[in-house]
Amino acid sequence: MPETNRFLDYAPAPESTAILNLRESYGLFIDGEFSDGHGESFPIISPATEAKIAQIATADASDVDRAVAAARRAYSRTWTKLSGADRGKYLFRIARLVQERARELAVAESLDNGKPIKESRDVDVPLVAAWFFYYAGWADKLDYAGLGPNPRSLGVAAQVIPWNFPLLMLAWKIAPALAAGNTVVIKPAETTPLTALIFAEILQQADLPVGVVNIITGAGDTGSLLVNHPDVNKVAFTGSTAVGRAIARSTAGSGKKLTLELGGKAANIVFDDAPMDQAIEGIVNGIFFNQGHVCCAGSRLLVQENVKDEVVDRLKARLSTLRLGDPLDKNTDIGAINSRAQLERIRELSNIGEQEGAERWTADCEIPKNGFWFAPTIFTNVSTSHRIAREEVFGPVLSVLSFRTPAEAISKANNTPYGLSAGIWSSNGSRVLGVADKLRAGVVWINTFNQFDPASPFGGYKESGYGREGGRHGLAAYLTGAALESSGRGSSSAALTKGASK
Ligand code: NAD
């Protein structure tokens, strides 16, 4: 055990799973109730233990038809007949039920996803409630949102989400869609559908009119059937750039409004006048939060050359204190990697990093026998051409590069096909503003990282996608004729790489 850990040993403090009322198997949530899927069902497992959690249905083409038809019926018969204020009441009710069942949702999320309970409890679930509260407030104020006169809903929204923030991504998708008057068919990721299915129970508790939200499960084939269904009006996708590109192609010319939230390779820029204690914590939070399974993770550390050694030494010391292990333990900092496939990708890219000449350092921590784990890792001597500096690892792996001048920092930060987020650490206000203005990233955090607020738009440039979620921008993506900069692809197609321009 490393020296630094000896004084920081904690007794195990696992959160009980007794609060969960799990079913052995889950069907598809269509028209307000669970029903069997016609595809082959599949098990979901805990990534920390590999123990089976439940059996999950797969929606085939006929099930996707059923779900879209239910959403269409609810759109024309109930949801559009309600006033904005009444739609808002349902959203408020959902938000309050999420708060009431917060502990259960946090435990389910950590069990299914592998993220530390302190993150699902203190970040994911509170933000889910915040998202519904925020958009509940907009439902009766669409006319005053600055989106033009009489903005109107689009119809049925097809939404596909990834596994890294399962319930939070669901909230980002469903809350603005419903506030704007649309109905929804959503597909969670195949490794993490559990909280979406518990959320279906919350919708029943909230008495949401049947068919307004339909939740179907399955893998990529189900997602593809959903986004390509002829009777959906809007597609919202969060996931990998490769799949996003395929969806942009297959829906081009279909008249479907499209928003894509894709990958990232964010630069976290540390100047020599940075508040260093905060910067070290910010770097750790930036890349090791949620095991680095974060699209906007600060995976490229750009540090000014004269403080590079100090920053790297302090980072290594700090990482040696992080506790890796049981996601349900309240002391855990680093949980499990979500799947074997993702673990293999992280290992492969890390091995390539070494082969290409970067220097690898890994925190000395005990790895549990079962499950999928990857210890926090730092690469130094990284050059901008290395694959670990260019490709999204989507794991707890930080690449460290250095720079001498602000201009060099900007040029290196922008030297990426992505453009989702960035961070700047400096005490010099004019330098911070000058650099932030030149970064091609949808979000730039100053002396902080990974801060999310429902009122603040979030989204990318270039291969990070187009469209914004959060704030008024997030509403615009679900309304006809609403024009806000970067609110997504309209009915005409646009090349993914063109995206929105700054
Ligand atoms: P993925 O693209 O493989 O899967 C995402 C979702 O798409 C899953 O539900 C999957 O079943 C579905 N899917 C797969 N193939 C499909 C197809 N052909 N048509 C329709 N749906 C399909 O990505 P992933 O591995 O689950 O997620 C990780 C990626 O998501 C990372 O690249 C990450 O950066 C990105 N991400 C982005 C954001 C953001 O807001 N920008 C947020 C979270 C994750």
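The values are calculated or read from the model by the stated rules, or taken from the named source; none is laboratory data. None of the values given here were measured: they were computed from a predicted structure. No Cβ is skipped: glycine too gets one built from the backbone with ideal geometry, and neighbour counts run over all protein chains shown.
For the range 418-437, a residue qualifies if it is of a type outside the set (G, A, S) and either modelled with pLDDT under 95 or crowded, with 24+ Cβ neighbours inside 10 Å (or both), and the qualifying residues are Y418, L420, I424, W425.
For V400, are the conditions met, namely being more than 16 Å from the ligand (Cβ to nearest atom), surrounded by 19 or more Cβ atoms within 10 Å (Cβ to Cβ), part of a strand (DSSP E or B) and of a type in the set (A, V, I, L, M)?
For V400, the condition - more than 16 Å from the ligand (Cβ to nearest atom), surrounded by 19 or more Cβ atoms within 10 Å (Cβ to Cβ), part of a strand (DSSP E or B) and of a type in the set (A, V, I, L, M) - is met.
Taking residues in the range 138-164 that are over 25 Å from D31 (Cα atoms), and partners anywhere that are acidic (D, E) and assigned to a loop (DSSP other than H, G, I, E, B), not one pair has Cβ atoms closer than 8 Å while being at least 6 places apart or on different chains. The set of residues in the range 16-66 being of a type in the set (A, V, I, L, M) and farther than 25 Å from Q159 by Cα consists of A18, I19, L20, A48, A51.
Among residues of the range 302-348 being assigned to a helix (DSSP H, G or I) and of a type in the set (D, E), the one that is surrounded by the fewest Cβ atoms within 10 Å (Cβ to Cβ) is D313. For the range 453-467, the tally of residues that are touching a residue at least 24 places away in the same chain (Cβ under 8 Å), over 19 Å from A413 (Cα atoms) and in contact with a helix residue (DSSP H, G or I) (Cβ under 6 Å, 6 or more places away or on another chain) stands at 3. The one condition from (1) within 9 Å of the ligand (Cβ to nearest atom); (2) surrounded by fewer than 24 Cβ atoms within 10 Å (Cβ to Cβ) that G264 does not meet is (2). Checking the stated criteria, T195 turns out to be β-branched (V, I, T), within 15 Å of the ligand (Cβ to nearest atom), touching a Leu at 6+ places or on another chain (Cβ under 9 Å) and at pLDDT 95 or above. Annotation: V243 fulfils all but one of (1) at pLDDT 95 or above; (2) assigned to a loop (DSSP other than H, G, I, E, B); the unmet one is (2).
When V232, V210, V184 are checked against the criterion of being in a loop (DSSP other than H, G, I, E, B) and either of a type in the set (G, A, S) or surrounded by 23 or more Cβ atoms within 10 Å (Cβ to Cβ) (or both), V232 stands alone in meeting it. Sort through L225, L203 and tell me the only one that's surrounded by fewer than 24 Cβ atoms within 10 Å (Cβ to Cβ) and within 14 Å of the ligand (Cβ to nearest atom). Selected residue: L225, the only one of L225, L203 that is surrounded by fewer than 24 Cβ atoms within 10 Å (Cβ to Cβ) and within 14 Å of the ligand (Cβ to nearest atom).
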